[in-house]
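Have a look at the structure below, then the notes.
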Amino acid sequence: MAIDQNVLKRAAAAKAVEYVNDGMKLGLGTGSTAEIFLELLAARVRGGLNVIGTATSERTAEKARTLGIPLASLDELAPLDLTIDGADESDRKLTLIKGAGGALLREKIVAASSRRMLVIADKSKLVGKLGRFPLPVEVLEFGQRTTVARIGEALAALGYHNPSIKLRGRDGLTFISDSGNLIYDCALGAIKSPPKLAAVLAAIPGVVEHGLFIGIATTLIVARPRGVEVIEAAK
């Protein structure tokens, strides 16, 4: 019998809550699994747990406030003790693709400001090789067509031929990130070398950030029908 994906997400989130200790400063992620974590964390806060968080998106901030989780700005809290977030894909080296929720820039800033990053996911997110999920790339609106042309040229030079590079939209409107930027989703197929791709994208003028998280996540919690697997980053 198939297990509902939300059941697996809740199992991963429940395991993540065990890593939260009294007095911690937390980075609070964005996405469906991260929102389940917020609900479970809020229950502990109501029970007397003393923590304070900083949100990776306006959506997360709104939900955290509604649930009664104390918030402050990243500049007030950094360095953070722990960031808890989801992922669109992860391999066993804990290299991630993130950005389906459009918060990749703030997610990366918060995660990089944290001593540890805990990633929570259901089994569908763990892959042998990244790239099944399109890679989000956040770009400035100014000169966007020129920037996208450079992205296409750079991808071709790396051997990604005829990649699909689509401007993200919702309900017929262009999606604008919380930081006022555009997001282009790049369907590449299997990513041969995430570090090389990350370096090339980061060097393109107009690219604000990309959704490859490399060397940032420290722990991956993967929920499966028969239990939860915890994968630690190699030291």
Could you figure out which of (1) assigned to a strand (DSSP E or B); (2) farther than 17 Å from Asp122 by Cα isn't true of Glu76? (1)
Note: among Gly102, Gly48, Gly23, just one is crowded, with 18+ Cβ neighbours inside 10 Å and not basic (Lys, Arg), namely Gly102
From Leu220, Leu182, grab the single residue that is in contact (Cβ under 8 Å) with a residue 40 or more places away in the chain, more than 13 Å from Leu135 (Cα to Cα) and in the same structural domain as Val110 (by TED's automatic domain parsing). Leu220
Where in the stretch 125-235 are the strands (runs of 3 or more DSSP E), entirely inside, with at least 2 residues that are surrounded by fewer than 18 Cβ atoms within 10 Å (Cβ to Cβ) and β-branched (Val, Ile, Thr)? 227-232
Buried (at least 22 other Cβ atoms within 10 Å of the Cβ), within 16 Å of the chain's Cα centre (by Cα) and touching a residue at least 24 places away in the same chain (Cβ under 8 Å), is that true of Ile120? yes
List, please: which pairs have Cβ atoms under 8 Å, are six or more places apart or on different chains, and start with a residue in the stretch 65-82 that is assigned by TED's automatic domain parsing to the domain that holds Thr218 and end with one that is of a type in the set (D, E, K, R) and in a helix (DSSP H, G or I)? Leu67/Glu39; Gly68/Arg46; Leu71/Arg65
Given (1) farther than 28 Å from Lys235 by Cβ; (2) not in a loop (DSSP other than H, G, I, E, B), Ala100 misses just (2)
Residue selected from the stretch 1-45 under the condition of a type in the set (Gly, Ala, Ser) and part of a loop (DSSP other than H, G, I, E, B), by the criterion farthest from Ala121 (Cα to Cα): Gly23
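The values are calculated or read from the model by the stated rules, or taken from the named source; none is laboratory data. Worth saying up front: this structure is predicted, and the values here are computed from it rather than measured. Cβ coordinates were reconstructed from backbone atoms using ideal geometry, including for glycine residues, and neighbour counts include every protein chain displayed.
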